[in-house]
Amino acid sequence: MPSGNLAFTPLLFLCKKRSIKTAYGDDRVKPEEIKKLDAYFKRTLNPQIVVKARPRKNDSAEVYLGEEFLGVVYVDDEDGDRSYNFSMAILDVDL
């Protein structure tokens, strides 16, 4: 590994999302929440967007436009107020 990449190692470690049970609830995305998120994305952004459960993780859901993967929605239940964070990476080759 080149020495230039070592500076990013701690940052990558800190950015990893872990599914943990909190005092207020848990970080699992329930099937009814996936339906609500799906309706929200369709209504707000594009009717062809689909929100799907992730195969091996239950702390988030995947967002697709047709067959194209767009990003991941994570649930945030830390403060007792349930909210959702949508994370979308844009690759340089896609620009």
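The values are calculated or read from the model by the stated rules, or taken from the named source; none is laboratory data. A quick note: this is a predicted structure, and the numbers were derived from the prediction, not measured. Positions of Cβ are generated from backbone atoms using ideal geometry, with glycine treated the same way; all protein chains shown enter the neighbour counts.
Could you grab me the full set of residues in region 55-64 that are surrounded by 14 or more Cβ atoms within 10 Å (Cβ to Cβ) and more than 15 Å from N85 (Cα to Cα)?
Residues satisfying the conditions are K57, Y64.
Would you please list the contacts, defined by Cβ atoms under 9 Å and residues six or more apart or on different chains, that run from a residue in region 82-94 that is over 16 Å from E68 (Cβ atoms) to a residue that is assigned to a helix (DSSP H, G or I)?
Between residues of region 82-94 that are over 16 Å from E68 (Cβ atoms) and residues that are assigned to a helix (DSSP H, G or I), the close pairs are R82/E33; Y84/E33; Y84/L37; Y84/Y40.
Test of understanding: among Y74, Y64, which residue is within 12 Å of the chain's Cα centre (by Cα), assigned to a strand (DSSP E or B) and either among the aliphatic types (A, V, I, L, M) or at pLDDT 95 or above (or both)?
Being within 12 Å of the chain's Cα centre (by Cα), assigned to a strand (DSSP E or B) and either among the aliphatic types (A, V, I, L, M) or at pLDDT 95 or above (or both) holds for just one of Y74, Y64, which is Y64.
What are the residue pairs meeting all of these: first residue in region 27-54, first residue under 21 Å from E78 (Cβ atoms), second residue assigned to a loop (DSSP other than H, G, I, E, B), Cβ atoms under 7 Å, and 6 or more apart or on different chains?
Partner pairs satisfying both residue conditions: D27/S19; D27/I20; D27/D59; D27/D77; R28/N58; R28/D59; V29/N58; V29/D59.
Just need a number here: residues in region 31-52 that are of a type in the set (V, I, T) and in a helix (DSSP H, G or I).
Summing the residues that are of a type in the set (V, I, T) and in a helix (DSSP H, G or I) in region 31-52 gives 2.
Name the residue that is farthest from the chain's Cα centre (by Cα), counting only residues in region 21-52 that are of a type in the set (A, V, I, L, M) and modelled with pLDDT under 95.
Only one residue tops the list, namely A23.
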